[in-house]
Amino acid sequence: APPVRLSKVTLTKAAPSVSLTKQGGTSGSMRVNLNWQVRKQFSGWGAKRGRAVALHNDLDLDLCALFELADGSKGVVQALGNAFGSLHLPPYIHLDGDDRTGAVESGENLTINLDHRTDFRRILVFVTIYEGARSFADLHATVTLQPQFGAAIDFSLDECTVPSTVCALALISNQGGDLVVQREARYLVPERGVSPQRTVDRAYGWGMNWTPGRK
């Protein structure tokens, strides 16, 4: 039989989800990458160009993930509190080192161990703005999920029109042993005094106990 030809899938509002099995992503690791850039709405050079560059340097986006495992345990993987997770121990999710340089080439990365896919109940990948920008308004962001042995899944975020500091990116849920990736691309606006993490928890009914964390 000819080999299965796998090609990249781009998720959209109309077709927001795909099975990882269909993409060949059933083992090895899967890298989740958030690549962002400031929209180039600046014409001319000089001060305006300086402002565009400054926006890059000021921005501190943090890729995070809420998880719920098959045994019922829940938690968060994030740079805050150095909760970077682990690839070979629960939660089988690991956050790459926190990049503060605003180097947009590689963006932020999170790795999920698909060899433990049956240990996952659900994973919600989200991004917070820690400091340097009040919202995602001027950002253009692309999310790519790349299984080690399969074809990529990607999608873009729509333009942000609300004062959001946290965006739910993708929900990965275990459906009968198969992991299904769903594009969320949902900008959330935290209520006054409510952390971005708690805001995501509330929106998705995760039900965690939060204590204030520092970075």
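The values are calculated or read from the model by the stated rules, or taken from the named source; none is laboratory data. In this text the structure is predicted, and so the values were computed from the model without any measurement. Heads up, the Cβs are rebuilt from the backbone with ideal geometry, glycines too, and the neighbour counts pull from every protein chain shown. Accessible surface is based on the protein model in full, side chains and every heavy atom, while ligands, DNA and RNA are left aside. Shrake-Rupley method; radii C 1.70, N 1.55, O 1.52, S 1.80 Å.
Considered as a group, the residues in region 37-89 that are assigned to a loop (DSSP other than H, G, I, E, B) and open to solvent by less than 40 Å² (accessible area, probe 1.4 Å) include one that is modelled with the highest pLDDT, and that residue is Gly72.
Each row is one residue, and each column tells you yes or no for (1) open to solvent by less than 30 Å² (accessible area, probe 1.4 Å); (2) assigned to a strand (DSSP E or B); (3) at pLDDT 95 or above; (4) closer than 16 Å to Ala170 by Cβ.
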{"residue": "His94", "(1), (2), (3), (4)": "no, yes, yes, no"}
{"residue": "Thr101", "(1), (2), (3), (4)": "no, no, no, no"}
{"residue": "Glu105", "(1), (2), (3), (4)": "no, no, no, no"}
{"residue": "His116", "(1), (2), (3), (4)": "no, no, yes, no"}
{"residue": "Arg122", "(1), (2), (3), (4)": "no, yes, yes, yes"}
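Restricting region 157-200 to residues that are open to solvent by 30 Å² or more (accessible area, probe 1.4 Å) and basic (Lys, Arg), the residue that is nearest to Thr10 (Cα to Cα) is Arg186.
Among residues that are open to solvent by 30 Å² or more (accessible area, probe 1.4 Å), in contact (Cβ under 8 Å) with a residue 60 or more places away in the chain and of a type outside the set (Asp, Glu), Thr144 is included. In this structure, does Val162 turn out to be aliphatic (A, V, I, L, M), more than 16 Å from the chain's Cα centre (by Cα) and either closer than 16 Å to Tyr130 by Cβ or modelled with pLDDT of 95 or more (or both)? So Val162 does not fit the description; no. In region 4-36, which residue that is of a type in the set (D, E, K, R) and in a loop (DSSP other than H, G, I, E, B) is surrounded by the most Cβ atoms within 10 Å (Cβ to Cβ)? Only one residue fits best here, namely Lys22.
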